[in-house]
Amino acid sequence: SARRKAVQAVAEVAKVGEDDNQALKMIAALAQDLDEEVRIVVAEALPWSAAPRRKEALSSLVTMALSDESSQVRLRAIRAVNVLFERGNRSREALQAASACLFDEDAEVVSEAKQ
């Protein structure tokens with residue numbers, strides 16, 4: 001879709017930039033998009049769209065990991081939380097999200113949460 005491609009383009013620009021607040025806001029705003037593919041791209045883009053300790057990225061990802069209706073979005077979101085953790089965000093919120101995902105109904109999400 002056009003929105004998915006737009007998120008991918010903004011994410012690529014954000015990777016090159018230094019903690020681009022505008023790009024982060026644009027990407028995070030689509031975390032609740034109706035299109036599952038858009039939400040998947042958002043989850044994949046967020047950990048690279050801001051400094052690892054930025055709360056906005058983590059907050060959006062935690063919400064997606066814990067409450068999105070799509071198991072594929074939840075999977076990508078918890079993977080992204082793990083990426084932020086590996087990049088230095090060892091916040092309580094990241095750990096709590098991973099712990100909560102251990103009880104997800106989808107086995108892939110649970111497996112990723114164990115990472």
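Quick rundown of the values:
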| item | result |
| --- | --- |
| Computed [θ] at 222 nm, deg cm²/dmol, the chain (DSSP H ≥ 4; -39,500 (n - 2.57); rounded to nearest 500) | -21000 deg cm²/dmol |
| Karplus-derived HN-Hα couplings along the stretch 21-33 (A = 6.51, B = -1.76, C = 1.60, θ = phi - 60°), whole Hz, x at Gly and Pro | 4, 5, 4, 4, 5, 4, 6, 4, 4, 9, 5, 10, 4 |
| Segments 88-96, 57-65 sorted - mean Cβ within 10 Å per residue, highest first | 57-65, 88-96 |
| Electrostatic dipole magnitude of the chain [Cβ: Lys, Arg +1; Asp, Glu -1; Cα centre; debye, to 20] | 420 debye |
| Probe 1.4 Å, protein heavy atoms only - accessible area per residue of the chain in square angstrom | 55 Å² |
| Charge-dipole axis of the stretch 1-83 as Lys and Arg at +1 and Asp and Glu at -1 on Cβ define it, positive-most pick from GLN22, ALA45, VAL62 | VAL62 |
| Principal-axis tilt of helix 55-67 within the chain, Cα atoms, nearest 10 degrees | 50 degrees |
| Percent accessible area from carbon and sulfur atoms, the stretch 65-109, protein chains only, probe 1.4 Å | 47 percent |
| nm² value of the averaged projected area, convex hull over the Cα atoms of the chain | 6.1 nm² |
| Taking the convex hull of Cα positions in the stretch 19-74, its mean projected area over all directions (nm²) | 3.2 nm² |
| Separation between Cα centres of the stretch 68-115 and the stretch 36-51, rounded to whole Å | 14 Å |
| Aspartates and glutamates whose Cα lies under 12 Å from that of LYS25, excluding same-chain neighbours fewer than 8 positions away | GLU56 |
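The values are calculated or read from the model by the stated rules, or taken from the named source; none is laboratory data. Being a predicted model, the structure only gives us computed values, none of them experimental. Methodologically, a virtual Cβ is constructed for each residue, glycine included, from the backbone with ideal geometry; neighbour enumeration extends over all protein chains shown. Protein only, heavy atoms only, side chains kept; ligands, DNA and RNA dropped before computing areas. Shrake-Rupley method; radii C 1.70, N 1.55, O 1.52, S 1.80 Å.
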